[in-house]
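For reference, the structure discussed in these notes is given below.
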Amino acid sequence: MPRRPPIEERFARPSVLGVVNVTPDSFSDGGVNLAPDAAIATARRLLAEGAAIVDVGGESTRPGSDGVGAAEELRRVEPVLTGLAGSPVSIDTSKAAVARRALELGAELVNDVTALRGDPELAGVVAESGAYLCLMHMLGEPRTMQQSPRYDDVVSEVKAFLEARLAFAVGEGVPEQHVCLDPGIGFGKTVDQNFELVRRLDELVAIGRPVLVGFSRKSSLGRVLGDPAATRGSLAASIGAAVSAYERGAWLVRAHDVREHVEALAVARAVRGG
Ligand code: HH2
C-alpha cells in the first residue's frame, strides 16, 4: 500500500478537481464524454488547464436519476482510467467494485457522494488501498432528494453528519488525514440552504478536515439569477460561488470549467496573501 501524505499536503489550497462525467445523462455534460477517447481527451485538457486531479464518474447523481449497476459503471469508466494511467485521478463512485478496480488502475482518491452509506464494502476497500477519501453530505437519495428537503438548521445538521461519517471512516481503518469533507451542494437542499452552507462554511472547516465544494454549474446558480426553472448555472455564476467558498475556507473546488476556476482562484489567493 503506498504511504500517502495528509490530503492537505498532497493538494495545495486552493486546488481544482476537474469533472469528467462518463455518462449519457449528467445534468450539465451528459453524453459529451461517453466515448472513452473523448473522456480521456477532456481529462488531459483539464489537467493541462491546471486541475490538480480529475474526478471520473460513471453514474449521474443529478436530481431524479435512478442510478446504474456496477457492471455498467465499470464498463464506462474502466477504459478511461486505463487511458489515464499515470495521471492524478479521483473515482466518483459509491460502489466497492468500481472503486477497487479504479484503485488498481491508479486512482488515488475515492469520491463517495453517499459518505460510505451506499455499499458496506467500500470503507474496507478504501482503508486497504490507502487511498484518499471524500465524504459528502446528501439528504435522501438522488431520485427523491429535491422533494422538499427540510432541516432545523442545515449547517449544524450537515456538520453533525460529516463528523459522524468521518468517525465511521476512521473506525473502519481510513486514516483521518486521508479524508476531506463536502457539504454536498444540491444534494437534498433548497437554493437558500445551498447558499447558507457556503455563507457558514467556516463551521464545517472547524471540523478540522479540508473541505471540498462542488457548486459548478448547479441549478441554484441559475435560480438565484432569476430563472426559477433553471437546471444549470452559468460559468460566471459558478466562479462567483467557487471564490466565495474559497474565501470562507474551502480547500478544494470541484469544477467543470477548470481554466477559468484556476485563474479566478489564483486571483482570490493573491488577494488573501501568504
Ligand atoms: N456533485 C456532483 C457529483 N459528484 N461529488 C462531490 N464530492 N461533490 C459534489 O458537489 C458533487 C459530486 C454532481 O455534479 P455532476 O458530476 O456535474 O453531475 P452528475 O451527478 O449529473 O453526473
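Helices in the chain, meaning DSSP H runs of at least 4 residues, each add -39500 (n - 2.57). Divided by all residues, the mean residue ellipticity at 222 nm is -12500 deg cm²/dmol. Between V253, V89, V68, the GNM of the chain built on Cα springs shorter than 10 angstrom shows V68 fluctuating the most. When nucleic acids and ligands are ignored and a 1.4 Å probe is applied, D66 ends up with an accessible area of around 130 Å². Taking a ≥ b ≥ c as the square roots of the Cα gyration tensor eigenvalues, with a/c under 1.5 meaning rounded and otherwise prolate when a/b beats b/c, else oblate, which class fits the range 47-104? Oblate shape, in that a/c is at least 1.5 and b/c is the bigger or equal ratio. Under 5 Å between amide hydrogens, built in the peptide plane, is the criterion, and for R217 it picks out G233, S238 among residues at least 5 positions away or on other chains.
What shape does the range 129-274 take by its C-alpha gyration tensor, where a ≥ b ≥ c are the square roots of the eigenvalues and a/c under 1.5 counts as rounded, a/b above b/c as prolate, and the rest as oblate?
Details: a/c = 1.79, a/b = 1.14, b/c = 1.56.
In terms of gyration-tensor shape, oblate.
Amide H contacts of D55 (H built 1.01 Å from N, in plane; Pro and chain starts excluded): G18, V19, V20, S90 sit under 5 Å, all sequence-distant by 5 or more or on other chains.
Scan the chain and note any complete DSSP helix (H) whose C-alpha atoms cover at least 20 Å along its axis and whose Kyte-Doolittle average is -0.5 or more. Sorted by number, the helices that extend far enough and score high enough are 154-171, 258-272.
The values are calculated or read from the model by the stated rules, or taken from the named source; none is laboratory data. All values reported here derive from a predicted model rather than from experimental measurement. Areas reflect the complete protein model, heavy atoms only, side chains present, ligands, DNA and RNA absent. Shrake-Rupley method; radii C 1.70, N 1.55, O 1.52, S 1.80 Å.
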